[in-house]
Amino acid sequence: FFSPCSSILLDVLDPDRLIQCPYNKHHRIRACRFPYHLVKCRKSYPEVAKELATCPFNARHLVPQADLSDHITKCNDKGFIEQDIVNQSSGFQREQMNAVSTWQAPPCDEDWETGEEGSPPDTPLPSPWSCPSTPLGTV
């Protein structure tokens, strides 16, 4: 039931798919909760954690240290990393980052030196704490 090489794509397509915990074979966790469960179980089973190695292509892949080389050659997520490397070496990302934006800010009518928009510079703004000039009971 435990598949250390579960693909990220499978987990996205079926977040309720059950995955067996590498720390305790009796734990079956939904794919969407699996990363959180791994952190919790790593703390609960420190001796098992020392025997497991983390896949360089997917941190959710925990395999016995002796099997890591074999796992790396067969890992389904290796293709995602390889594709990223190809894209970077071809300049794909560099071209996107160097694209020049033609966006320009719209003209602004506000003048922060004079106060509110459209008010003369010497006109003081009313204070929110000022008392009304109308005597009480005359309204």
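Residue pairs whose Cβ atoms lie under 7 Å apart, separated by 6 or more positions or on different chains, with the first residue in region 62-85 and crowded, with 16+ Cβ neighbours inside 10 Å and the second of a type in the set (V, I, T), are L62/T54; H71/V63; D77/I8. Every test in (1) of a type outside the set (G, A, S); (2) surrounded by 10 or more Cβ atoms within 10 Å (Cβ to Cβ); (3) modelled with pLDDT under 90 is passed by V139 save one, and that test is (2). Among what's in region 1-54 and is within 18 Å of H71 (Cα to Cα), in a loop (DSSP other than H, G, I, E, B) and among the hydroxyl-bearing types (S, T, Y), pick the residue that is modelled with the highest pLDDT. Per the criteria, the residue is Y23. Against the definition (hydroxyl-bearing (S, T, Y) and at pLDDT below 80), how does S89 come out, yes or no? Yes: the conditions hold for S89. Note on region 36-61: residues that are in contact (Cβ under 8 Å) with a residue 40 or more places away in the chain and either farther than 22 Å from F80 by Cβ or not charged (D, E, K, R) (or both) amount to 3. The set of residues in region 42-80 that are of a type in the set (A, V, I, L, M, F, W, C) and touching a Pro at 6+ places or on another chain (Cβ under 8 Å) comprises V48, L52, A53, C55, A59, L62, V63, I72. Number of residues in region 33-52 that are closer than 22 Å to N76 by Cα, open to solvent by less than 70 Å² (accessible area, probe 1.4 Å) and out of contact with any His (no Cβ under 8 Å at 6 or more places or on another chain) equals 4.
The values are calculated or read from the model by the stated rules, or taken from the named source; none is laboratory data. Quantities reported herein were computed from a predicted structural model and do not represent experimental measurements. Cβ: placed from backbone, ideal geometry, glycine included. Neighbour counts: every protein chain shown. Areas reflect the complete protein model, heavy atoms only, side chains present, ligands, DNA and RNA absent. Shrake-Rupley method; radii C 1.70, N 1.55, O 1.52, S 1.80 Å.
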